[in-house]
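Please read the structure below before turning to the comments.
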Amino acid sequence: MNNPQRVRSYNANNELAKERNRAAAERTLTAWIQGCLLLIGFGVAFDRIFGAVQRTFPDLNSSLNNNVATAIGLGAIALGLLLLLLTIFEYPLKLRAIEREDYLDEPTSPSIPIIIVSVLLFGCAALVAVLLNISIG
């Protein structure tokens, strides 16, 4: 005899809920990709805008020097790439969890706190770099 717990039962409500969760995961993925691309674009633009301002107004006493501007730009690019990698690894895990038969909404994945802490640390490091440069310059 078949064990009633082992027989896969089809439930339209469950399948629709899984489909909604899949769509939500895709929207989340595109939002994270958009944020990562914005960070990478900010990193590229920060250094270029700083250089353009320096060339346009050479007499302007800037509190940032080229090294700090480059470090902030590269930091933003590196952070964007790191977050993009975390997103790329997280998305298939979420899809596999949704496809499981015993799917239950899982608690927040460990990459979310990593992402939040890394963004906060980058912001604090950039702020400290700018403040130190202001006080020295």
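Among (1) closer than 26 Å to residue 82 by Cβ; (2) touching a residue at least 60 places away in the same chain (Cβ under 8 Å), where does residue 18 come up short?
(1)
Which numbered condition trips up residue 106, out of (1) modelled with pLDDT under 75; (2) in contact with a helix residue (DSSP H, G or I) (Cβ under 7 Å, 6 or more places away or on another chain); (3) part of a helix (DSSP H, G or I); (4) not hydroxyl-bearing (Ser, Thr, Tyr)?
It fails just one condition, (3).
Would you mind stating whether residue 41 is modelled with pLDDT of 80 or more, out of contact with any Cys (no Cβ under 8 Å at 6 or more places or on another chain) and either buried (at least 17 other Cβ atoms within 10 Å of the Cβ) or under 26 Å from residue 119 (Cα atoms) (or both)? If you could, list the steps in order and put the result at the bottom.
Working: modelled with pLDDT of 80 or more: yes; out of contact with any Cys (no Cβ under 8 Å at 6 or more places or on another chain): yes; either buried (at least 17 other Cβ atoms within 10 Å of the Cβ) or under 26 Å from residue 119 (Cα atoms) (or both): yes.
Yes; evaluated as a whole, the condition is true for this residue.
What are the pairs, 6+ residues apart or on separate chains, where a residue within segment 67-90 that is over 17 Å from residue 117 (Cα atoms) has its Cβ under 7 Å from a residue that is part of a helix (DSSP H, G or I) and modelled with pLDDT of 85 or more?
From segment 67-90, the pairs are 73/43; 73/44; 74/43.
Which members of segment 66-104 meet the condition of being over 13 Å from the mean Cα position of the chain (by Cα) and within 27 Å of residue 51 (Cα to Cα)?
Here is the first cut: in segment 66-104, the residues over 13 Å from the mean Cα position of the chain (by Cα) are 66-75, 92-104.
Across segment 66-104, the qualifying residues are 66, 67, 68, 69, 70, 71, 72, 73, 74, 75.
Take residue 66 and tell me if it is surrounded by fewer than 17 Cβ atoms within 10 Å (Cβ to Cβ), touching an Asp or Glu at 6+ places or on another chain (Cβ under 9 Å), modelled with pLDDT under 80 and not β-branched (Val, Ile, Thr). Explain how you work it out, then say what you get.
Numbers: surrounded by fewer than 17 Cβ atoms within 10 Å (Cβ to Cβ): yes; touching an Asp or Glu at 6+ places or on another chain (Cβ under 9 Å): yes; modelled with pLDDT under 80: yes; not β-branched (Val, Ile, Thr): yes.
Here the answer is yes, as residue 66 does meet what is asked.
If the Cβ limit is 6 Å and pairs must be 6+ apart or interchain, which residue in segment 43-56 that is free of Cβ contacts under 8 Å to residues at least 60 places away in the same chain pairs with which residue that is in a helix (DSSP H, G or I) and among the hydroxyl-bearing types (Ser, Thr, Tyr)?
47/70
The values are calculated or read from the model by the stated rules, or taken from the named source; none is laboratory data. Quantities reported herein were computed from a predicted structural model and do not represent experimental measurements. Cβ: placed from backbone, ideal geometry, glycine included. Neighbour counts: every protein chain shown.
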